[in-house]
Each structure stands twice: as structure tokens, then as C-alpha cells.
Amino acid sequence: MPDIESKNEPKKVLLGLTGGVAAYKAAELVRRLGDHGIDVQVVMTKAACGFITPATLQALSGHPVYTDMWDGRIANGMPHIELSRDKQAIVVAPATADFLAKAALGLADDLLSTLCLARDCPLIVAPAMNRQMWEHPATQRNVAQLKRDGVIVLGPDSGDQACGETGMGRMLEADELAEAISAFLEPKTLSGKRVLMTAGPTFEPIDAVRGITNRSSGKMGYALARAAIAAGAEVTLVSGPVSLAAPVGASMERVQTAAEMFDAVKKHTAKADIFIGVAAVADFRVSAPRKHKIKKNGDKGLTLDFVPNPDILAWVASRPKPPFCVGFAAESRNLDAYADEKRRRKKVKLLIANLAQSAIGADDNEVSMLDDAGTHRLPRAAKTVVARQIIEHIAALCGAKARKSR
Ligand code: CTP
């Protein structure tokens, strides 16, 4: 059985640090970008070196850090050109008000600003400054000009600031930035596709305060939604009760029960190109949930009657013109045999199988993908990585046209 490796080229970015206190978050950003498989070359301004040392960034990125236009380590003596030539993007984080002003005007008086002017790849900036500097009309004008020039502006966020004030201007956290940068660099293989997904558990009430649910965390479904959005898809996510942040850019439908999940899916199926059922839907619900709390009645036990829930995935797959359907199977044993039987029974093009005991609630996962061509195993990896590989496979199977990778 073939192992599927990611077909993505290794991604490389140039990370520029300018002189703001948020420079300390850039150290973490280098690590988080590494988690997404992105290689980072760091360039720092003189002011950035006043906040954090090049040695720290060198140790974290595994590459020498450049700070000077006249650095002799680049053979042709042109670091302002050479350092960005094999990169998919230049990211400036933190980007100070001063840097934004220079970039908006096209000034090039140090290594980083010259690299930005001489680049042939996208520029992403993560502003970080005091709230009044951010709100100043000059800064707002510069940001508007940068956006008109095609620069991607990530943040800023609002909240407590190092200066003791509160407001807009905080740099986004390292994990948010890494996620957004990584998504930006993904090939847009699902561009123009509408993806409908279910994720998380369902909650089936017994009475006013009790119910039956399962241990699904929703992490795999949410990671898939993010990966589909990063691949350019328009995503509708029908989610059972989970404690996860909504994927940025997803249209959310929040539900509790399998019946509500079914209704939400029915509403969106006709427009979907791809349906991915990741939810751990309860197979049964209590036939007549009580309106009020059931009281203990001495030593007497309690018997509940259950009725089957609709099979949402099987319903979608049996439409006259179904979307491309993908199912999930969490089994506790006989994984391959049960998964194969489930794929045939539910008539889905692709079934993702995993062992429940090693997947539920975990941050990583090991799955097999079953389709008409056979079984493909994905090695154990973070759910975010597995999700991207599954989305790549779906894009290839449903014939989505790959748009040029950035
Ligand atoms: N599924 C669904 N609606 C249901 C039950 C399952 O849409 N009522 C979907 C799940 O989202 C998943 C796939 O069907 O994509 C398989 O779910 P699973 O619970 O493993 O399968 P079951 O049909 O419940 O089969 P079994 O109980 O035999 O394991």
C-alpha cells in the first residue's frame, strides 16, 4: 500500500524584524512557521537588534541572520536581491509605523526596506505599535496605500499594550500569524469549490439537563475546514458542540443534535461541490426526551427508549446528483475491513479511516484513505498536516484544477 507524501515544494519565507517590543513574538513565530514546514531566513533592522539578538533568531531558524546591506557573506555582494529570490513571501513581523511609512513610500535605506522594494514575491506585514500611532491618519494612509499596492496586512489586534495602554495595535500572536502565512502559501487547488462539512460530536438530550454525546473534540474536522479554506474553497461548517475557535473564513452553522445537523446539511447540499462528513453523529436519540429533569425514584432503575438517527452522509451520497462525498470512520479494531465495508455501504468516493483510541482528542493522527484505487496510508503527523494532505488528495480526486502555487 503506497504511503502518500506531501507533494508540496518546501516553503521558504524571509522574515523581517523591525524595532518594536513585539520582536519577542517573532522568535516564537519562527518556531511556529517551522511547525508548518516553512523554512525561515531572518533579516533584522538595527532597531530590531535593540530588542532581541540576531543570535536568538539564528539559533531558532537554523540560518545566519542578516542585518546589513554590506554583508560580505553573499557571494555577489547583493544581499538586498539574493536573499529573497528563492522565497515565496517576505513577512515583516513586527512591522513598525516607521517601516510601514517607508514601505508605502518605496524608501530603501537599509537591507530590509531594500529587500522589500527589490522583491518579486508577495509582501506580508504584521503591524505592531502603540494604539495612537496606529490610529494616526498618517499610519492609516500608509496602510491603505500598502493594501492598494497588494501588500497583505495581518492584524493588528486590540488589547493590552506594552506601553500600558489598551487598544488597537498589538501584533497578532505567533500561532495566528503562522497559520495565516501558511494558508497564504498553500496551492489554491480548491479555488471556486464549495465545501460542506460536518464536525464535532452531537448532543442528544435525555431531559432538561442531561444528554448523550461522545468524545469527539472536532479537531480533525476544524483542521480540515482550515485546510480547505487555505486551498481556496468556500467552506460551510456544520458543527456540533465543541470548544474550538471557528476557522477564519468559514460560514458556521452551530447545532446540537443529529436532527439539527441533518436539517443544516439539507439546507446546503444542493450548492455543495464536495461534502465531508467528519462529525461523530450519534446513531440513536432518546425517543421522547423529558421536558423536566428526571427525578431519582428510590432504588428503581431507569429505562430509556432510543430511535435511530438519520445517516447524514448516506443521505447526501444518495442524492440524484450528489457532491463528491468523503466519509470518516473511527473504528476501535479491524480498521481496514470495517472501513472498506463502510465505504461501500455509504457509497462514498473516499473514506478516511483511523483508530478511535489514537485519534479522539489528540493533536496528531494516522489515517488511511480508501478510494477506488485502493488504500493509501498517511504517516502519523499533526492533524493540521494530515488535513492538508487529505485536502490535496480530495482536490486531485474530484478533478479540481490546481491554480499555480504561490
Ligand atoms: N455519519 C453520518 N450520520 C450518521 C452516522 C454517521 O453522517 N448518523 C457519517 C460520519 O460523519 C462519518 C461516517 O458516517 O463520516 C461514518 O460514521 P461512523 O459513526 O463510523 O459509522 P456508522 O454509520 O455509525 O457505522 P457503525 O456504527 O457501524 O460504525
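The values are calculated or read from the model by the stated rules, or taken from the named source; none is laboratory data. Just so we're clear, the structure is a prediction, and the values are computed from it rather than from any experiment. For neighbour counting, all protein chains shown are included, and Cβ atoms are generated from backbone atoms with ideal geometry for every residue, glycine included. Only protein heavy atoms, including side chains, enter the accessible area calculation; ligands, DNA and RNA are left aside. Shrake-Rupley method; radii C 1.70, N 1.55, O 1.52, S 1.80 Å.
Identify, please: which residue in segment 311-345 is open to solvent by 30 Å² or more (accessible area, probe 1.4 Å), within 9 Å of the ligand (Cβ to nearest atom) and under 23 Å from ASN365 (Cα atoms) and is, among those, modelled with the lowest pLDDT? Checking each candidate, the answer is ALA330. Of all the residues in segment 288-310, those that are within 12 Å of the ligand (Cβ to nearest atom) and polar (S, T, N, Q) number 1.
Restricted to segment 67-165, the set of helices (runs of 4 or more DSSP H) holding at least 2 residues that are polar (S, T, N, Q) and under 16 Å from VAL43 (Cα atoms) comprises 111-117.
Looking at ALA280, is it modelled with pLDDT under 95 and within 9 Å of the ligand (Cβ to nearest atom)? So ALA280 fails the test. For segment 135-181, what are the residues that are among the β-branched types (Val, Ile, Thr) and open to solvent by 80 Å² or more (accessible area, probe 1.4 Å)? The one that is among the β-branched types (Val, Ile, Thr) and open to solvent by 80 Å² or more (accessible area, probe 1.4 Å): THR166.
For (1) closer than 25 Å to ARG344 by Cα; (2) within 32 Å of the chain's Cα centre (by Cα); (3) among the basic types (Lys, Arg), each residue gets a yes or a no:
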| position | (1), (2), (3) |
| --- | --- |
| ASP263 | yes, yes, no |
| SER287 | no, no, no |
| ARG290 | no, no, yes |
| LYS295 | no, no, yes |
| THR303 | no, no, no |
| ILE312 | yes, yes, no |
| VAL316 | yes, yes, no |
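In segment 378-390, is there at least one residue being more than 19 Å from the chain's Cα centre (by Cα), over 18 Å from LEU313 (Cα atoms), of a type in the set (S, T, N, Q) and more than 12 Å from the ligand (Cβ to nearest atom)? Checked against the condition, which is being more than 19 Å from the chain's Cα centre (by Cα), over 18 Å from LEU313 (Cα atoms), of a type in the set (S, T, N, Q) and more than 12 Å from the ligand (Cβ to nearest atom), segment 378-390 yields no hits at all.
Look at (1) hydroxyl-bearing (Ser, Thr, Tyr); (2) touching a Ser or Thr at 6+ places or on another chain (Cβ under 8 Å); (3) open to solvent by 60 Å² or more (accessible area, probe 1.4 Å) and you find that THR384 fails only one, number (2). Residue-level check: of (1) open to solvent by less than 10 Å² (accessible area, probe 1.4 Å); (2) in a strand (DSSP E or B); (3) out of contact with any Asp or Glu (no Cβ under 7 Å at 6 or more places or on another chain), MET252 misses just (1). In the condition set (1) away from the ligand (no atom under 12 Å from the Cβ); (2) open to solvent by 20 Å² or more (accessible area, probe 1.4 Å); (3) farther than 16 Å from GLU179 by Cβ, ALA259 is compliant with all but (1).
LYS219 falls short on exactly one of the conditions (1) of a type in the set (D, E, K, R); (2) modelled with pLDDT of 95 or more; (3) open to solvent by 20 Å² or more (accessible area, probe 1.4 Å); (4) within 16 Å of the ligand (Cβ to nearest atom), and that condition is (2).
The lone criterion from (1) more than 9 Å from the ligand (Cβ to nearest atom); (2) in a loop (DSSP other than H, G, I, E, B) left unmet by ARG285 is number (2).
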